[in-house]
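Structure, as structure tokens:
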Amino acid sequence: FAIRIRGVGADAEPPARAVLDALAARGVPNYFGPQRFGARGDTGALGEALVRNDLDRFVSLLLGSPREGDAPGVRAAREAFEAGDHDAALRRWPGSFANERRALAAYAKRGRPQAAVGALDKRRKRLFVSAFQSELFNAVLARRLETFDRVLGGDLAEKHDSGAVFRVTDAAAEQPRAERFEISPTGPVPGYRCELAEGEGGAVERAVLAERGVELESLRKVGSLRLKGTRRALRFGLGEPELSAGTDEHGEYLEVRFTAPAGAYATCALREIMKTDALGG
């Protein structure tokens, strides 16, 4: 990645470099980035509604619930759906929203939310549920920020060279490997076959699932989907990090360069460097 951050210049280089050095040493919190959750930020909520079989809420989120920031045509379609005028809503949905149009047509014809869900492409439904799983992982990581670069007794750690996961029985013996970035603690992307950590880390995972009312077995069958789940490292390493200040025809900038493994979000590293949540908005 080579990314230029605008609105800052050479004066911002020392604090940005300090953050970049810390990220290079500790790793970057391996959040699923905002793009995982769609332009409206609601794909996780749609997935949760499917998991809970709350299909009325799912249809309301998918076809209604207008908000600021919706494109005019989309907002008009959502407003018409909220008003109960399904014919007008169908006319107003742009042609590029094929899934929404199919779901609305099925719902208008049969009057049942199950019909709308059944009309959706399976890949789209999987995307929604995957976003909900990602929200749960992010919630665990948020509670592990103080220890996301340390292995705790009972943790399930990942070997970075192979991707293999093992349970930590002696944290003191394994921590030097974590400091060399050979291993990292993981968090759950929940599913019915997803093993949870034990000890302090496991308590965090179980607390998040309990607070969201999620039991792993409930993910065995979500409609036609079977959610096995997996483990995901709580951090990722920055490769070859570089930082420089410059000026071009658009003004001053800081340029950040680094490499990152597949599945990591560069926006997460930028958020740490910029100390802003603007990337999620």
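The values are calculated or read from the model by the stated rules, or taken from the named source; none is laboratory data. None of the values given here were measured: they were computed from a predicted structure. Don't worry about glycine lacking a Cβ; one is built from the backbone with ideal geometry, like all the others, and counts go over all protein chains shown. Just so you know, the surface numbers come from the protein's heavy atoms only, side chains and all, with ligands and any DNA or RNA stripped out. Shrake-Rupley method; radii C 1.70, N 1.55, O 1.52, S 1.80 Å.
A few comments on the model shown:
- Taking region 167-185 as the range and being surrounded by fewer than 16 Cβ atoms within 10 Å (Cβ to Cβ) and not in a helix (DSSP H, G or I) as the test, the residues that pass are 167, 169, 170, 180, 182.
- Out of 18, 10, 115, 49, sole residue that is at pLDDT 95 or above and more than 25 Å from residue 139 (Cα to Cα): 115
- Scanning region 61-90 for residues that are open to solvent by 20 Å² or more (accessible area, probe 1.4 Å), more than 30 Å from residue 141 (Cα to Cα) and of a type in the set (Gly, Ala, Ser) yields 71, 73, 76, 83, 84.
- When the residues of region 107-126 are filtered to those that are part of a helix (DSSP H, G or I) and over 30 Å from the mean Cα position of the chain (by Cα), the one that is nearest to residue 39 (Cα to Cα) is 108.
- Candidates 99, 138 - the one that is farther than 21 Å from residue 212 by Cβ and open to solvent by less than 30 Å² (accessible area, probe 1.4 Å): 99
- Filtering region 186-201 to residues that are buried (at least 18 other Cβ atoms within 10 Å of the Cβ) and farther than 15 Å from residue 230 by Cα leaves 198, 201.
- Taking region 2-20 as the range and being touching a residue at least 12 places away in the same chain (Cβ under 8 Å) and not in a loop (DSSP other than H, G, I, E, B) as the test, the residues that pass are 2, 3, 4, 5, 6, 10, 12, 13, 16, 17, 19, 20.
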